[in-house]
Amino acid sequence: MLEYTSPQFILFCMLYGGAAVVSAMLCLYLLLCRGNAIAPDITPPARLRRWAAAFFGIAALGHLWWYIFFILSGDVNSWAHVACVVLDCILTLTTVFGTMLSMLQDRRRPLWPFVTAMTPIVILGGLQIARPGTDFLTPALAYTLVLYVFFSIYMTVAVRQYGRWLRDNYADLEHKEVWASHTLLILFLLLVVIYGFTTDGPSFFLLRIADFVLFGLLLWRVETLPQLEAAATDEEDSLPEPEASQDPATDLQGAGNAAAGTQKPEEEPSTPLALRRGLGAEALSNIGDLLKENCEKTGLYLMNDLTLAQLSTAVGVNRSYLSQYFSCQGMNYNTYINGLRINHFVSLYQKAASSQQYFTAQQLAQQCGYRSYSTFSTAFKQRMGQSVSAWMREMGGVEIH
């Protein structure tokens with residue numbers, strides 16, 4: 001009896017119960033609260049909030065049913081133990097996979113292949129119940145490890161694709177990346193697998209502590225990840241091909257006239273331009289002129305959170321044309337907008353320094369369209385090849401405040 005009342009056991013119960021209570025509270029918060037406690041100015045994706053709430057709810061229920069099992073039975077050879085293991089594997093993995101996939105907003109990735117892949121776990125659990133003398137749990141845990149490795153590889157590829165999509169459509173990438181969440185969630189799943197194959201006390205305590213770290217990071221991720229505009233790739237790819245007599249340069253010029261307000265009444269400026277591959281030199285030149293007139297000269301690039309879709313609407317050119325144009329110029333949308341903003345920052349700096357005006361790098365960055373100074377400093381270093389502070393010291397020794 002003393003071993004059950006030892007300080008280690010009391011600490012374990014506190015961590016175990018605390019994780020259950022915290023996960024239940026977070027589940028209710030995400031389901032019932034419409035506000036955002038961490039980042040009030042950000043509206044996170046509703047789909048992500050629902051999946052994260054499901055994950056927290058399953059975590060709370062999992063703690064509860066394991067507690068009930070050990071209080072009432074504790075027999076690791078019983079059917080109840082097998083049922084708890086199978087439920088833990090399927091429900092936890094499903095909600096983790098769903099949460100991770102819902103963070104990637106470039107397109108909706110199906111979850112059913114991963115759910116279907118869990119069928120062998122159910123079969124192995126059923127065999128264990130039907131034939132208690134045979135150990136089917138070890139192969140079930142081994143299969144879970146294989147599934148975990150496969151999903152980790154899939155998510156690594158998917159996150160890389162998502163990062164490229166972000167840079168093709170957004171200039172401000174603050175909190176839009178998901179690498180940190182991806183890394184910690186994968187480490188958590190690995191810890192669950194280690195926990196399943198070991199019976200020593202340290203792994204139990206390590207998993208309980210990891211619960212709180214995971215809950216905190218996941219809540220931060222849900223609250224700070226903004227709802228992004230889904231890419232209309234499918235719609236653009238389905239656009240009809242133009243007739244042979246049409247010319248891309250003529251269409252682009254017509255779009256420029258529409259943006260400038262000179263479109264004839266009988267024409268339809270709202271009709272989307274057809275998607276074509278391989279724009280000609282004249283068409284590329286027209287797009288460059290339209291960008292100069294409707295983005296660079298007007299200062300449109302200084303607008304916070306300007307997206308490729310918004311730029312294409314303002315310029316009057318289909319977003320696919322713009323993507324092709326940037327690709328032909330050896331850059332993407334993110335590079336183009338940040339280049340204009342950094343050049344504007346340099347211009348503001350030179351004017352302020354020459355007139356001996358007091359300023360800070362943060363103030364100038366905000367005037368250049370950046371909400372976050374960290375986003376600006378990253379873009380500046382990529383553009384200029386050195387940090388903001390180093391560049392400013394070279395330019396005249398003006399300190400950053």
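Close Cβ contacts (under 9 Å, 6 or more residues apart or on different chains) running from residues in the stretch 350-373 that are on the phi > 0 side of the Ramachandran plot to residues that are surrounded by 15 or more Cβ atoms within 10 Å (Cβ to Cβ) and of a type in the set (Gly, Ala, Ser) comprise Gly369/Ala171.
Taking the numbered list (1) surrounded by 13 or more Cβ atoms within 10 Å (Cβ to Cβ); (2) more than 21 Å from Phe205 (Cα to Cα); (3) in contact (Cβ under 8 Å) with a residue 12 or more places away in the chain in turn, Phe12 passes all entries but (2). Scanning the stretch 335-385 for residues that are at pLDDT below 90, of a type in the set (Phe, Trp, Tyr) and either open to solvent by less than 40 Å² (accessible area, probe 1.4 Å) or touching a Leu at 6+ places or on another chain (Cβ under 8 Å) (or both) yields one hit, Phe359. Taken as a whole, the condition of being in contact with a His (Cβ under 7 Å, 6 or more places away or on another chain) and in contact (Cβ under 8 Å) with a residue 40 or more places away in the chain does not apply to Met103.
Against the test of being farther than 27 Å from Arg164 by Cβ and either within 21 Å of the chain's Cα centre (by Cα) or modelled with pLDDT of 90 or more (or both), the options Thr138, Thr134, Thr119, Thr144 yield a single qualifying residue, Thr119. Answer yes or no: is there a residue in the stretch 299-311 that is among the small types (Gly, Ala, Ser) and within 21 Å of Gly163 (Cβ to Cβ). Within the stretch 299-311 (the criterion being among the small types (Gly, Ala, Ser) and within 21 Å of Gly163 (Cβ to Cβ)), the answer is yes, since at least one residue qualifies. Does the stretch 269-277 contain at least one residue that is surrounded by fewer than 19 Cβ atoms within 10 Å (Cβ to Cβ), at pLDDT 75 or above and of a type outside the set (A, V, I, L, M)? No; the residues of the stretch 269-277 include none that is surrounded by fewer than 19 Cβ atoms within 10 Å (Cβ to Cβ), at pLDDT 75 or above and of a type outside the set (A, V, I, L, M).
Got at least one residue in the stretch 50-64 being farther than 19 Å from Arg208 by Cα, open to solvent by 50 Å² or more (accessible area, probe 1.4 Å) and not acidic (Asp, Glu)? Scanning the stretch 50-64, I find at least one residue that is farther than 19 Å from Arg208 by Cα, open to solvent by 50 Å² or more (accessible area, probe 1.4 Å) and not acidic (Asp, Glu), so the answer is yes. For the stretch 159-177, the condition holds for no residue, the condition being that it is part of a helix (DSSP H, G or I), open to solvent by 10 Å² or more (accessible area, probe 1.4 Å) and more than 30 Å from Met303 (Cβ to Cβ).
The values are calculated or read from the model by the stated rules, or taken from the named source; none is laboratory data. It should be emphasised that the depicted structure is a prediction, and the values quoted were computed from it without experimental measurement. So basically every Cβ, Gly included, is an ideal-geometry build from the backbone, and we count neighbours across all protein chains shown. Areas reflect the complete protein model, heavy atoms only, side chains present, ligands, DNA and RNA absent. Shrake-Rupley method; radii C 1.70, N 1.55, O 1.52, S 1.80 Å.
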